[in-house]
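Here is the structure we will look at, set down as structure tokens.
The values are calculated or read from the model by the stated rules, or taken from the named source; none is laboratory data. Computed from a predicted structure; not experimentally measured. Don't worry about glycine lacking a Cβ; one is built from the backbone with ideal geometry, like all the others, and counts go over all protein chains shown.
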């Protein structure tokens with residue numbers, strides 16, 4: 001057991017006007033299992049890269065362990081998996097590898113298959129196993145759950161629960177609760193480490209936020225009252241001061257006594273005014289310490305189109321295939337207005353193909369990256385859509401987002417004000433409006449697609465894994481949006497908490 005000490009860490013990117021981190025200090029025990037939480041673009045991956053020594057910074061990071069980053073970059077994926085293992089960790093023992101692999105419920109044939117023939121879930125599990133075999137290494141796990149189905153997420157979660165010594169970046173609340181014992185959070189104004197899982201951290205944060213909001217309101221009232229009292233005391237003092245000169249008594253002795261009395265009264269008034277000012281300044285200083293880390297989760301409003309029919313999509317005994325390869329069969333469901341239908345199942349079972357089939361029927365698919373698969377997709381059975389149905393689609397892929405945001409707005413014919421309003425409410429910095437989209441993080445790219453979709457006044461919103469890379473706070477905002485406005489939706493999503501909250505129908509494939 002040892003420690004990682006971060007002291008006065010300050011870092012900014014060249015050309016940036018703001019520090020990513022400023023005088024951040026905290027300690028981490030190398031036996032802890034830390035969940036790393038923070039808004040998109042707040043600096044989580046940057047911090048992991050600082051630990052890896054990729055950037056220059058001021059301050060100190062002292063440690064007695066080696067860091068390994070996940071996902072490990074595999075340059076030639078056509079090689080056998082066992083060769084990839086040997087490249088990452090030449091000192092591995094095959095029996096240890098097989099023992100760890102059994103914990104992840106993997107099949108033994110993976111080691112002698114080309115790495116690129118493994119599913120995304122199998123690739124994730126292989127790399128985790130190899131990296132955890134290394135002794136005295138602290139693992140930096142960056143968003144391992146993206147594209148993993150619920151079943152595989154649970155297997156990986158159970159595996160990580162057996163381990164220790166890692167920082168895990170994940171936005172899946174159920175996943176975090178299942179495998180961490182500490183939370184490392186990048187807040188608006190600091191970085192903090194607390195014991196517990198996500199739920200306990202979130203409960204404490206809500207309690208702290210509620211206290212600060214209440215305290216802030218109390219101090220605002222106190223400041224207004226003290227300001228008014230100080231102003232009144234100042235007026236009284238000025239009025240009393242003016243009576244010291246210009247008014248004479250008939251007797252000289254009486255005049256002296258009166259002026260002494262008035263002077264003392266004026267002094268007391270001035271002293272009272274100064275005391276009120278000092279109290280007001282103290283309250284203002286106390287107030288300035290509040291609300292610095294409260295995350296704004298503004299309500300996102302949605303205007304959706306209303307269709308004249310109640311039943312919008314109907315599938316019955318639907319079979320989908322690409323050429324001779326059948327991907328799914330016997331799919332039946334009905335989508336009524338107000339439904340949030342979730343397609344659930346392991347990767348490769350045909351969830352995205354069902355979405356492509358609907359897009360093919362509507363002939364409204366605009367995403368270039370889906371055109372080839374749409375052409376090859378063949379279907380048998382019944383798939384009927386209401387006439388004139390307008391669909392808003394969010395794909396998994398963000399790689400085609402390139403160029404300036406302003407050009408994208410013109411190309412997609414989006415209401416610019418509404419689009420940027422949605423982005424701002426999801427904590428998208430105004431400075432990013434001027435950047436090229438290639439420079440955005442994956443979470444920021446996904447927010448662009450979601451904001452564009454929300455601008456559509458559609459009858460049905462079809463979102464294919466919309467939460468990949470999206471931070472927890474934005475997920476909560478989207479949950480509240482769906483629960484309040486109940487748009488008609490078809491979702492493919494593996495975040496169990498999100499699905500349980502918003503889904504009204506679940507189709508297990």
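This table checks each residue for (1) under 18 Å from residue 392 (Cβ atoms); (2) in contact with a helix residue (DSSP H, G or I) (Cβ under 9 Å, 6 or more places away or on another chain); (3) modelled with pLDDT under 90; (4) surrounded by fewer than 19 Cβ atoms within 10 Å (Cβ to Cβ).
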| position | (1), (2), (3), (4) |
| --- | --- |
| 295 | no, yes, yes, yes |
| 298 | no, yes, yes, yes |
| 308 | no, no, no, yes |
| 320 | no, yes, no, no |
| 370 | yes, yes, yes, no |
| 376 | no, no, yes, yes |
Looking at (1) touching a helix residue (DSSP H, G or I) at 6+ places or on another chain (Cβ under 7 Å); (2) at pLDDT 90 or above, which is the one condition that is false for residue 508? (1)
May I ask you to verify whether residue 456 is within 27 Å of residue 486 (Cβ to Cβ), touching a residue at least 60 places away in the same chain (Cβ under 8 Å) and crowded, with 21+ Cβ neighbours inside 10 Å? no
Residue 132 vs. criteria in contact with a helix residue (DSSP H, G or I) (Cβ under 9 Å, 6 or more places away or on another chain) and either in a helix (DSSP H, G or I) or crowded, with 18+ Cβ neighbours inside 10 Å (or both): yes
Whether any residue in the range 404-413 is part of a loop (DSSP other than H, G, I, E, B) and outside the structural domain of residue 175 (by TED's automatic domain parsing) is what I want to check. yes
